[in-house]
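> Below you will find the structure I want to go over with you.
The values are calculated or read from the model by the stated rules, or taken from the named source; none is laboratory data. As the structure is a computational prediction, the values presented were derived from the model and not from experiment. In this analysis, Cβ positions are derived from the backbone assuming ideal geometry, glycine residues included, and neighbour counts consider all displayed protein chains.
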Amino acid sequence: MPAGVPAGNTLTEVSGKALTLAGTSTGGGIRGVYKTPPSAPYRIAILAQNMIIGDDSWPSFGWRDSANGHMHLLLPNGPAMDVQQYSNPTTFVGADKVTTMRSVDGSYLWVGLRDDGTNVYFELSQDGVNFVTYFTISKASGYLGSSGYNRVFFALRQNNSENSLLTIRVWDENGLSRSFP
């Protein structure tokens, strides 16, 4: 499935069941796993189960530029949901959008990463079928540029050296046409 497991982390894949990223490294930062997305248009529907062991550790989802490692990420951050920009795993550049979200509790989260060929969309869902756009931007004017949205990415953002887990229960690259089972 994904590639690019960072040093100090482990990735466990149980075929057809779950994928778990364990952040055990020190010093904080973003530690994640990336994959080349399908051809646009696409939506990758992700059901994440965040099992936080340490303080200030958050699941992160978005895109990573394969040329320079810059990241454009959606992450729950306390009671808020942020879209943030990073130039590397430890350097925060800025935030595109921050909104207090009372319904994000940190345990289960449906995320949609959508690309229509021109724009990218950070989406949220309550049921994994009906997605609402949280933030959208033209790829040409987005943080990663027109050619930089070339790796989908999920990660743990840790601001400390405590262990954390992120389990991906669903990774559906056919997310544009999801239906209830």
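> Do you know which residues across region 129-158 are part of a loop (DSSP other than H, G, I, E, B), over 15 Å from the mean Cα position of the chain (by Cα) and more than 14 Å from Y86 (Cα to Cα)?
Matches in region 129-158: V129, N130, K139, A140, S141, S146, S147.
> Can I ask one more? Given the criteria aromatic (F, W, Y), touching a Phe, Trp or Tyr at 6+ places or on another chain (Cβ under 9 Å) and closer than 13 Å to W63 by Cβ, does Y134 qualify?
It is false that Y134 is aromatic (F, W, Y), touching a Phe, Trp or Tyr at 6+ places or on another chain (Cβ under 9 Å) and closer than 13 Å to W63 by Cβ.
> Here's a follow-up. Give the residue that is modelled with the highest pLDDT, with candidates limited to residues of region 64-122 that are part of a strand (DSSP E or B), surrounded by 14 or more Cβ atoms within 10 Å (Cβ to Cβ) and of a type in the set (V, I, T).
Once the filter is applied, the top-ranked residue is V120.
> So, V132, is that one loosely packed, with under 15 Cβ neighbours inside 10 Å, more than 23 Å from L21 (Cα to Cα) and among the aliphatic types (A, V, I, L, M) or not?
For V132, the condition - loosely packed, with under 15 Cβ neighbours inside 10 Å, more than 23 Å from L21 (Cα to Cα) and among the aliphatic types (A, V, I, L, M) - is met.
> Can you tell me which residue among F135, F131, F122 is touching a His at 6+ places or on another chain (Cβ under 9 Å), more than 18 Å from T36 (Cβ to Cβ), touching a residue at least 24 places away in the same chain (Cβ under 8 Å) and among the hydrophobic types (A, V, I, L, M, F, W, C)?
Of the residues listed, the single one that is touching a His at 6+ places or on another chain (Cβ under 9 Å), more than 18 Å from T36 (Cβ to Cβ), touching a residue at least 24 places away in the same chain (Cβ under 8 Å) and among the hydrophobic types (A, V, I, L, M, F, W, C) is F122.
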